[in-house]
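Below: the structure, in structure tokens.
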Amino acid sequence: MPSVIVCGAGVFGAATARQLAREGWDVTLVEPVAAGHVRSGSGGESRLIRCAHGADEWHTRSARRALELWREIDPALVVEAGMAWFARSDDGWEAKSEATLQALGIPCERVDPATLFPSVRDDDLTFTLFEPEAGILRARDATRTLAVQAVAAGARVIAAAARPDGDRVIAGDEVLEADHVVWACGAWLPQLFGDLVSLRITQQDVFFFGAPAGWETPRVPGWVDYDGAFYGLGDLDARGVKISPDVEGPPIDVEAADRVVLPEHLASARAYVAHRFPALAGAPLVGTRVCQYEITPDTRFVIAPHPEHPSVWLMGGGSGHGFKHAPVLAERMSAWLRGDDAPQPRFALGARAADSALRTAGEAGSPATPRS
Ligand SMILES: Cc1cc2nc3c(=O)[nH]c(=O)nc-3n(C[C@H](O)[C@H](O)[C@H](O)COP(=O)(O)OP(=O)(O)OC[C@H]3O[C@@H](n4cnc5c(N)ncnc54)[C@H](O)[C@@H]3O)c2cc1C
């Protein structure tokens, strides 16, 4: 029976541990806090799951397969709400997505956004693309479910912060050895592997606004304004309408930072709400969350063997869009570790050219203000 140590029980590590345990591997999962904890990238109530990825077929197919897998893992984790893309040009990300989705037979249609939202302004939009089969994942619940299913399939959990020692793992006072090691430590990867991984760790703020009846998700879909660098959803589980500026925030210390939102992020979120959803102008702020992105230069993930220890793999760089893909990446990881498939060059370590973002067009320093 092959053996693996998975360090980190965020969505990437928990999905990998579950996948391999269910395939009969001897799995040890090392996590110092808990699956989906508040400072991890996989914490929080919700994550969007959508197939549209511009012209990128690999990620489009991956998201489609992931939706199937999430439903198999637990259908209660998927909120079937659909997702709207607010297009600001005829030939941008949304038009490219539409062509790719149609070529792959994935449902999408241009719609009047007034049919989706109780109040919406669209005079700055060229069209709205709707993915009816997209939706929302219950993120923290999903991450915890993956870890629980990993344990149910035989994984052993060690509650400790691990550190690498060549191809071994030091976890507390235990020295662990296995056929393979997967380091899936999210924003903590740079602390563990230094310059080997090129990740920017940025503060990302999420806002919830109080709304009257009619704004509940799943009736109200998820949405993304790619060029405007905002995304959100309706009122899920009475938490409030979620709005998030998607420009890259300032660097954050994941361990030590107080999780307090930045005033400029709040101001831009309020301005966007007032602009896009006029009936919510002046809506009260009812909650906030501070999370971090771990962003690669081209927003593609890092999933690659260590150059000096080929049995050791690094897995991360979710870049603000990785959550949905986790079960697919876990499937692929099984094939990569077995040697049934070659590592994906797109996820390799080393220098990468900057590319258009797979999340939104929000880059460091770009204005998080509504453009009309
Ligand atoms: C605000 C926000 C919105 C997002 N929106 C979306 C979205 O809509 N759709 C989408 O698909 N994705 C989205 N993402 C991205 C997605 O959530 C992340 O890419 C993903 O959750 C990262 O998972 P991870 O397992 O790599 O990292 P994490 O969840 O951070 O997990 C890493 C784990 O490693 C553990 N760890 C750290 N150090 C050690 C150590 N020494 N030993 C062992 N374990 C260790 C940590 O405690 C943690 O539990 C969003 C992210 C954020 C922050």
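Tabulated data for the structure shown
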read-out: Any pair with Cβ under 6 angstrom, 6 or more apart, that starts in region 10-37 at a residue that is in contact (Cβ under 8 Å) with a residue 40 or more places away in the chain and ends at one that is within 13 Å of the ligand (Cβ to nearest atom) and of a type in the set (S, T, N, Q); value: Gly10/Ser40; Gly10/Ser42; Val11/Ser42; Val11/Thr143; Ala14/Thr143; Ala35/Thr143; Gly36/Ser42; Gly36/Thr143
read-out: Considering residues of region 296-351 that are over 21 Å from Ala229 (Cβ atoms) and among the charged types (D, E, K, R) only, the residue farthest from the ligand (Cβ to nearest atom); value: Asp340
read-out: Odd one out for Asp298, checked against (1) in contact with a Lys or Arg (Cβ under 7 Å, 6 or more places away or on another chain); (2) under 19 Å from Glu363 (Cα atoms); (3) open to solvent by less than 10 Å² (accessible area, probe 1.4 Å); value: (3)
read-out: Residue satisfying all of: in region 89-108; farther than 16 Å from Tyr226 by Cα and not β-branched (Val, Ile, Thr); least open to solvent (accessible area, probe 1.4 Å) among these; value: Leu101
read-out: Test: residue in region 39-46 that is under 25 Å from Ala335 (Cβ atoms) and in contact with a Phe, Trp or Tyr (Cβ under 7 Å, 6 or more places away or on another chain); value: yes
read-out: Selection from region 204-221 of residues that are open to solvent by less than 20 Å² (accessible area, probe 1.4 Å) and either of a type in the set (D, E, K, R) or within 10 Å of the ligand (Cβ to nearest atom) (or both); value: Gln204, Asp205, Val206
read-out: Some residue of region 266-277 being polar (S, T, N, Q) and either surrounded by fewer than 16 Cβ atoms within 10 Å (Cβ to Cβ) or within 30 Å of Pro164 (Cα to Cα) (or both); value: no
read-out: Selection status of Ser40, crowded, with 16+ Cβ neighbours inside 10 Å, more than 11 Å from the ligand (Cβ to nearest atom) and not hydrophobic (A, V, I, L, M, F, W, C); value: no
read-out: In region 149-203, the residues that are hydroxyl-bearing (Ser, Thr, Tyr) and either in contact with a Ser or Thr (Cβ under 7 Å, 6 or more places away or on another chain) or surrounded by fewer than 16 Cβ atoms within 10 Å (Cβ to Cβ) (or both); value: Ser198
read-out: Looking only at region 171-201, and only at residues there that are closer than 25 Å to Leu146 by Cβ and part of a strand (DSSP E or B), the one that is farthest from the ligand (Cβ to nearest atom); value: His180
read-out: Scan of region 43-58 for residues that are within 11 Å of the ligand (Cβ to nearest atom) and part of a loop (DSSP other than H, G, I, E, B), ordered by number; value: Gly43, Gly44, Glu45, Arg50
read-out: Test: residue in region 18-32 that is within 13 Å of the ligand (Cβ to nearest atom), of a type in the set (A, V, I, L, M, F, W, C) and closer than 13 Å to Val151 by Cα; value: yes
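The values are calculated or read from the model by the stated rules, or taken from the named source; none is laboratory data. Note that the structure is predicted; figures quoted are calculated from it, not measured. All Cβ positions, glycine included, derive from the backbone under ideal geometry; neighbour counts span all protein chains shown. Accessible surface is based on the protein model in full, side chains and every heavy atom, while ligands, DNA and RNA are left aside. Shrake-Rupley method; radii C 1.70, N 1.55, O 1.52, S 1.80 Å.
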